[in-house]
Every structure is written in structure tokens, then in C-alpha cells.
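Take a look at the structure below.
We did not get these values from a lab; they are worked out from the coordinates using the rules stated. Small disclaimer: the values here were computed from a predicted structure and weren't measured. Here the Cβ positions follow ideal geometry from the backbone for every residue, glycine too, while neighbour counts run over all protein chains shown.
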Amino acid sequence: MCGIVGAIAQRDVSQILVEGLKRLEYRGYDSAGVAIYKDNAIHRIRRLGKVAELDEALQQNPLPGGLGIAHTRWATHGEPSERNAHPHMSQDNIALVHNGIIENHDELRDELKAKGYVFTSDTDTEVMAHLLHEELKTNSNLHHALFAATKKLDGAYGTVAIDTNQPDKMVVARSGSPLVIGKGIGEYFIASDQLALLPVTREFIYLEENEVAEVRRDGVTIWDEHGNTVTREFEVSDIQHDAVDKGQYRHFMLKEIHEQPSVVSDALEGRIVNHKIFVETLGQNANKVFEKVEALQLIACGTSYNAALVAKYWVEEFLKIPCLVEIASEYRYRHTAVLPNSLFITISQSGETADTLAALKKAKTEGYLASLTVCNSPASSMVRESDFTLITRAGTEIGVASTKAFTAQLVSLMLLMVSIGKAKGMDEQTEKDIAIALEHLPYEIQAALEQAKEIDELSKEFAEKHHTLFLGRGSQYPIAMEAALKLKEISYIHAEAYAAGELKHGPLALIDSDMPVVVVAPKDNLLEKLKSNIEEVRSRSGQLFVFADESAKIQETDGITVFPVKSEYSITAPMVYTIPMQLLSYYVALIKGTDVDQPRNLAKSVTVE
Ligand code: AGP
């Protein structure tokens, strides 16, 4: 949520900042700005809209300088506008950028106003700039002043500041919002995601919670929350430079959809040998904990929550232990009762989602056996906060609408389910059946992708509609939920998912000839029930689009369009049926002309409440 870049170098850093912002645009994209130190002053340019607007402004008014900070915003306090865009300044000498939310900003604003500070924006961030300025009156060193200022903040922040009176440094602080420091030769960089800095460095240090750092041309000093100096080595990242390149594809989302066969293969690599499943990288003594597990509590948001719901069906079928699933924003604020010997599992692409992270921190005080995260970001807060980790290996996902990360989560959750099962005595045949299904999955997904043209054609039926219903049963119900989320997210068509059996309890009233109803209908033990639900819709003139296995023998007739999907193994069918759903939402969005990779009002990584 919001992207930060900072740089201090001998050379001009303005283009490094803009390139970094472009790479972070997936995090927020309603306004952007830079502040650059040049000729003993801070010069600031901000623009409403995407980073391209800022880039254009800088082309027209170049601002070369060796010290600068930059920001791309996703509005929380104050509408998207130039005056609310970061960096925010105090008295012409302090410039500051911020990710997160300051909860006590009202009270701090009143105090600062009483001291004569004039506010020019509606943001919580401007409070931080003035507070830092105020602290500099008693703490002349910039990092001391930032340290003192952060002690007065309630809320979350990742922040970078510069001061015209101390132009040999940037100072940074983190609490609840990630920041990474990059090292060059005689130059250093700061960003909210290492992706921003890949053109200039591969060497990184992540700032830990409540740390403050001073970043100079000749080095970095980090202090912990007690003011003690911290020693930490830079590590070389193996992330691919082209992770932020669309290649031959028109959108990142399309590229990421098409990457799924290799994403699944990567997730399985080294983990299936002779039809046996081994996941050895979860952490020390994971197996000992798994032996004792009698229940699972899964927590996530959005797409990751839908993945958790699919896993519930698998866990209760194969492990025969209770699997509770809950949305993180609900879990974190309610009184919870923990089942005996429960394992707490978070699922997250980014590993930084504020609600999921807060739920994890809460769970650590509640008597769970242990915590485990299924996460796509190895250096994330959730990975650091959890006892055990399963990395989903989907690679960097740029499209705000999650696609390949979802499939990788499902595969990882299945591997995790088997790992727990084996520790608790799962029989070899069950393990073998699951292993075989997983081994075939990349090919089944590839076959589903090859139907992209037909789905493109089908999408025309949806583009003019205002609503769509998605129906599924069993483990395909969460797939219908994920399909509805994708359609809403990128095409802005209102979509809902229902467990097909629930239709008659209310939603059937919505059905008429203008209501497209998408049904996910694999061949499984619920197919006959689902056929009855299809009839319920057809007899009320609903317009049905049924994604079904050929053997399901659902006849195309008036009001029913059948789209064939091949999925041999019912356990992995949720992953296979996900593909046409993703393609459908993508092609509908293309017709509607929305911003597919950066849909309105959204951001990739939701690090604020
Ligand atoms: C999905 O397309 C969304 N962009 C969103 O629902 C996302 O899955 C959710 O915000 C959770 O993010 P996380 O997996 O990074 O925790």
C-alpha cells in the first residue's frame, strides 16, 4: 500500500527514483511525487494520477540531485489530489514520505497547530513531517529526532525523511510497514519493496520492526527500538530482474495467468519423489508439532481467504480434523476460543497484509501449538513472525488481481495438508493418489490455458451485464467465490458466489433472462445435485454458462452454454477450474477497457487497515 523509494549517491538519482516508483506502482497509483535536494534546498514535484504524470513533469523540469525521496500513493487520509500527494514538507527544510496509517494524527495535528505549524494537506503523513521538524529543535541529529518522533506515533509506518540542514543522509523508520535498504558502490537506496531497486542493486537489508536507520553515501547505521546499534549483513537477492517485465503479454495479469503451469511445477520441485510427498523446508521440528495437531485455524484475506476455504474441504476429508477458516479482519478483533492442539496458519501472497499480520500477532498470545505461514514473500513480516513457513514459489506477482499466487497457494496448502497427514499416519495410497494428481496438474492447467481464445469469445456475453452469479458446490464453491472476486475486481461488474444448494434460499429471486449464471461443474459426487440447481435456474429463464467436464453430460440447449474443461483428478480440479474463471474475468475487463493490472481503488499489498 503506497510505494516508497529513496536514494543517496554521487550521481543524479532523479531517474532512479522515478524508475523505482514505476516498479512499485502496483502498490498504489492515485498520485506520486519526489523531493530532491539540490542547491541547498529541497525541490518537490507532485502529480495527481500515475507515475507517468510525474515522469512527464520531471522531463519538462529536470531536477538532478544526489539525494531524494519519492512516493506513489494509495489514499487513506485525504482524497487523491496533488496537495495530498507525498512527499510532505515542514518549513521548507524537511521532506518526508510515509506508508501506513497514523491513528493519533488528529490529536498530534492539534498540538502542532497550537505550536504554529500550518497544514496544507488532509493527510496523517503531514503530521509526521511537522513532528520531525519539532523534534529537531531539541534533537539536532536527524535520526535522534526521528526516533523521538516515532515514539509519539500510534499506528503503522514505513517512513523516510531528508533535511536540508543534514544533506549527507536519509533517515528511515519502520513499524508495521516494510522497508528495505539497498547497497550500491558509494551509494545507498531505500524502498518499500526490493523490486524497486533491482536496476541499481542486488544487495539488501530488511529493516526490522521498530528500527530506525541512517542511510549515507558511505554506509548505513541501524538502531533497535531501545537505541542500541544493530549489526546486520547485506544479503544478495536472487529475485529476477525481469520479474517486472510484461514480456510478450499485454498485461501482467495475462502473463501471470499463463505462468501457472511453471509456477505449479516450481511449487512441486523437489517435493514429490516416487509418488511420495516431502516438504522439508517448513522449519525445525515441524513434524513433531504436526504429530500433535488436532485442529487447524486458517486466517487470510481476499483471494488468500478463498484458498483457505478450499483447503478446509481437503483437511476435513483427508485428515479428519476440524479446520476453521476466518477472514483476518474479523478474527483480529473478536473474542476467540482456541480448540485444543490447534495449529494457526496464515495465508498471504505478500506476507505484509495488515489484518493477517495483526491476527497472527494476536494468535501468538492465545495458546496455539504453533504458527505457520503459507506465503509467497520469503523476506516478509509474516515469515519472520511465524514459527514455520511454507514458501509458495509463485515468483513476483505484479497484477493487483491475484492469479498465479492463488494457484501456488492451493498447491502449497495441499502439500501442507499431506505433510500434516503423514505426521499423523496418512496411508501411503492416499499420499500416492494426491502426488499423482499434483504431478499431472501443470499439464491440465496448460490444456485449460489453451482454451483462452474460446473464453475470449465467451466473454462478450458478460461485458454488457451489470451482475453475474457464480455457483459451485464442495471445494468448487470457494472457486466460484474467487471467480466472483476476480470479475468484480477488474471488470467492476457486480458478482456474487453462492453454494449452489443455497440458491433456493433467496438468490433465486434474482434470476431472470438478464442474469448470467456461471456454474463450475466438475465430475464429482455432487454433480447430480448441481444438475438440479442448473435446472432451477433454467426454469426461471436464467442465462447459464456451465464449465463442465465432458463426461458430466450437461446438454447445451436454450439458455445453457456448456464450456468443456478437462480435469482428470477431482482433488486438483479446483486449480484447473480456476483457470477459465481467471481468463473469463480478464477478457471481460479487456472489453470493458478497465485498467486490468491496476484496477480502481485497489492496491496490491494492503499494509493498512
Ligand atoms: C486478490 O485479487 C486481491 N488483490 C486481494 O484480495 C488479496 O488477495 C488480499 O488483499 C490478500 O493479500 P495477501 O495474499 O497479500 O495477504
May I ask you to list the residues of region 559-587 whose amide nitrogen lies under 20 Å from a point 7 Å from Cα along the Cα→beta-carbon direction of Ser539? 559-561
Any idea what diffusion coefficient region 466-515 gets from Stokes-Einstein, in µm²/s, Kirkwood Rh on alpha carbon pairs, 25 °C, 0.890 mPa s? 223
Taking the dipole of the chain about the Cα centre (Lys, Arg +1; Asp, Glu -1; charges at Cβ), the one of Leu584, Val273, Tyr368 that reaches farthest to the positive side is Tyr368
In this structure, the FRET efficiency calculated for Asn228 and Ala423 from their beta-carbon separation, with R0 = 30 Å, to the nearest 0.05, is 0.15
For region 501-507, in residue order, the Karplus 3J(HN,Hα) values (coefficients 6.51, -1.76, 1.60; θ = phi - 60°; whole Hz; Gly and Pro = x) are x, 8, 3, 5, 8, x, x
Between region 194-253 and region 312-355, what is the separation of their alpha carbon centroids in Å? 31
Quick one: Cα centre-to-centre distance for region 388-424 and region 539-595, in angstrom? 24
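Any of Lys255/Lys432; Lys255/Lys488; Lys566/Lys604; Lys432/Lys553; Lys276/Lys424; Lys531/Lys566 with alpha carbons more than 23 Å apart? Name them for me. List each step's numbers first, then the result.
Numbers: Lys255/Lys432 32 Å; Lys255/Lys488 20 Å; Lys566/Lys604 31 Å; Lys432/Lys553 29 Å; Lys276/Lys424 15 Å; Lys531/Lys566 18 Å.
Beyond 23 Å between Cα atoms: Lys255/Lys432; Lys566/Lys604; Lys432/Lys553.
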Let me spell out the model: positive unit charges on the Cβ of Lys and Arg, negative unit charges on the Cβ of Asp and Glu, origin at the Cα centre of the chain. What dipole size does that give, in debye rounded to 20? 200
Two-decimal Rg/Rh of region 181-263 from alpha-carbon positions, Kirkwood Rh? 1.11
Backbone HN-Hα couplings from phi across region 178-189 [Karplus 6.51/-1.76/1.60, Hz, Gly and Pro as x]: x, 9, 10, 9, x, 10, x, 9, x, 8, 9, 9
Please sort by residue number the GluC sites (Glu not before Pro) in region 85-136 whose DSSP state is loop and whose Cβ has at most 15 other Cβ atoms within 10 Å. Glu103
Separation between Cα centres of region 511-529 and region 24-50, rounded to whole Å: 49
Once you order the gyration tensor axes a ≥ b ≥ c over the Cα atoms, which shape class does the chain get: rounded for a/c under 1.5, otherwise prolate or oblate by comparing a/b with b/c? prolate
Quick one: go through region 548-585 and flag any residue whose amide nitrogen is under 14 Å from the point 7 Å out along the Cα-to-Cβ line of Glu450. 565-567
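With an 8 Å Cα cut-off and a minimum separation of 6 or more residues, compute the relative contact order for the chain in percent.
Values: 1346 pairs, mean separation 72.2, N = 609.
It comes to 12 percent, rounded to a whole number.
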Fewest-first ordering of Arg600, Arg540 by Cβ atoms within 10 Å yields Arg600, Arg540
Based on the Cβ-Cβ distance from Lys361 to Asp238, what FRET efficiency comes out when R0 is 25 Å, to the nearest 0.05? 0.30
Specify which residue in the list Val400, Gly158, Ala463 is farthest towards the positive end of the charge dipole of the chain, using unit charges on the beta carbon of Lys, Arg (+1) and Asp, Glu (-1), about the Cα centre. Gly158
Can you tell me which lysines have their Cα less than 25 Å from the Cα of Lys152? Leave out same-chain residues fewer than eight positions away. Lys113, Lys115, Lys137, Lys169, Lys361, Lys362
The percentage of Cα-Cα pairs in region 342-427 separated by more than 16 Å is 53
Beyond 25 Å, what percent of the Cα pairs of region 435-534 remain? 24
To make sure I understand, if each residue's beta carbon is the centre and we count other beta carbons within 10 Å, what order do Glu209, Glu256 fall in, fewest to most? Glu209, Glu256
Among Gln555, Val608, Ser570, which residue has its Cα positioned farthest towards the positive end of the charge dipole of region 545-609, with +1 placed on the Cβ of Lys and Arg, -1 on the Cβ of Asp and Glu, and the dipole taken about the Cα centre? Val608
Can you give the angle from 0 to 90° between the axis of helix 125-135 and the longest principal axis of the chain, with both taken from C-alpha atoms, to the nearest 10? 30
Want the number for Asp218 to Glu439: 0.36 nm per residue separation, take away the alpha-carbon distance, what's left? 74.5 nm
What value, in deg cm²/dmol to 500, does the helix sum -39500 (n - 2.57) over DSSP H runs of n ≥ 4 give at 222 nm once divided by the residues of the chain? -10000 deg cm²/dmol
Starting from the Cα of Gln91, move 7 Å in the Cα-to-Cβ direction to define the label point; list residues of region 97-122 whose amide nitrogen is under 15 Å from there. 112-119
On a 0 to 90 degree scale, rounded to 10, what angle separates helix 573-592 from the longest Cα axis of the chain? 60
Ascending count of other beta-carbon atoms within 10 Å, so fewest first, for Cys375, Cys301: Cys301, Cys375
